[in-house]
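> Here you go, one structure.
What follows is calculated from the coordinates using simple rules that are stated; it is not laboratory data. The structure displayed is predicted, hence computed values, not measured ones. Methodologically, a virtual Cβ is constructed for each residue, glycine included, from the backbone with ideal geometry; neighbour enumeration extends over all protein chains shown.
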Amino acid sequence: MAMTSVIGDCKVFGCTNSAVVGPGGQDACLEHFFSNCYEHLERLESLALRISLDPAEVEAACAVLEDCSNRTLFVCFRDQSLTNLERSRLLEILLSCRDLQYRLRNGPPTKLASSV
């Protein structure tokens, strides 16, 4: 995965904000980076709720989550001008990626039998 620290514009059509991260040549501003990560997390959350998953699906989903985590860390360490809200959003993305990776690899939670 090629990460670049590009000074330029976001590549999302119509956006004139500065790019902060560039995975695989797709430079995006911080807001579009957040929305892209949240879209992936939402999609993969529904996948994690399924009873049975194909191992290839799990590996592909975990690769997306790993990429999202790596890009998030890149933004965290590269950009010193982040607000507390932006930092908290980045932390939320990191924690959500890790949680989903765990859930995808270990399957959906099972209900505990009541001991009453």
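> Sorted by mean Cβ packing within 10 Å, highest first, what order do the peptides 85-95, 48-58, 68-78 take?
Sorting 85-95, 48-58, 68-78 by mean packing, highest first, produces 68-78, 85-95, 48-58.
> Next question. Tell me, what is the Rg over Rh of the stretch 60-103, with Rh the Kirkwood radius over Cα pairs?
Values: Rg = 10.9 Å, Rh = 10.7 Å.
Reported Rg/Rh, Kirkwood definition of Rh: 1.02.
> If each residue of separation counts as 0.36 nm, what is the full-extension length gain between Leu47 and Ser88 once their alpha-carbon separation is subtracted?
Length gained between Leu47 and Ser88: 12.3 nm.
> Another question about this same structure. For Leu95 and Ser81 in the same chain, what is the full-extension length gain: residue separation times 0.36 nm, less their Cα-Cα distance, in nm?
2.9 nm
> Charges only on Cβ, +1 for Lys and Arg, -1 for Asp and Glu: so what's the dipole of the stretch 29-106 about the Cα centre, in debye to the nearest 20?
With Lys and Arg at +1 and Asp and Glu at -1, about 200 debye.
> Let me ask something else about it. By how many nm would the segment from Ser18 to Leu73 lengthen if fully extended, with 0.36 nm per residue of separation less the alpha-carbon distance?
Length difference between fully extended and current span is 18.0 nm.
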